[in-house]
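What follows draws every value from the coordinates through simple rules; no lab data is involved. Being a predicted model, the structure only gives us computed values, none of them experimental. Here Cβ is always computed from backbone atoms with ideal geometry, including for glycine, and neighbour counts include all displayed protein chains.
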Amino acid sequence: MKTKILIGFLMFVGFKTFAQEDKRTLYPIAVKRQLFGVKFIYDRQIIDNASALQIPLLQARDSKVNVEFLTYKQQQRLVKLINIVPAGLSLYTIFNRDKVSSGFYWSTVGSTLLISSYLNVKSNIHLSKAINRYNEVISSNQIGLNIQTTPEHQAVVGIGLRHNF
């Protein structure tokens, strides 16, 4: 009796481990533009930071969404690194005022401002493309074909349509 229970338990565990994992429900991402920023709405949650959308965007497992979002993240990292330059130059200028000309200082600060603004615009375009593609992927209509056999060994063909309302 114990061996039958043990075999049944092991079979149950074995079947459970080889079963497909449950697919997580993905929700569309809404973008709400405001005067001083953008807010994202995912699963009735308001998100201020676009980096917090990484998990749902990458769970869509779409190559275009991944490329666009990872390009966004890379460009945002680059903006952060570029913004260190004027801060470091300002600190250096505070301690060594005679060694830094005002023309050099303002041209450096202005050029880093232009470069970081350009990269911010480009990265936001990539984020917008990623969100739009993600919403297309999760809300598209899907058609499937299903073939099953009856107990009398006859094939039954079924066609299914999935549409999110």
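Worth a mention:
- Using only side-chain charges placed at the Cβ, +1 for Lys and Arg and -1 for Asp and Glu, the dipole size of segment 66-140 relative to its Cα centre rounds to 100 debye.
- Among the listed pairs K80/K122; K39/K80; K32/K129, those with a Cα-Cα distance over 18 Å are K39/K80.
- Rounded to whole numbers, the Karplus 3J(HN,Hα) couplings from phi for segment 85-99 are 4, x, 5, x, 5, 5, 5, 5, 5, 4, 8, 9, 5, 6, 8 Hz, using 6.51 cos²θ - 1.76 cosθ + 1.60 with θ = phi - 60°, and x at Gly and Pro.
- The loop-placed chymotrypsin sites (Phe, Trp or Tyr not before Pro) in segment 29-123, going by DSSP, that have at most 15 neighbouring Cβ atoms within 10 Å of their Cβ come out as F36.
- Using a Förster distance of 22 Å, the FRET efficiency for L113-L70 (Cβ separation, nearest 0.05): 0.30
- Point-to-point label distance, R33-E152, nm (Cα→Cβ direction, 7 Å offset): 6.2 nm
- Global geometry of segment 26-165, whether rounded, prolate or oblate, following the gyration tensor of its Cα atoms and the 1.5 cut on a/c: prolate
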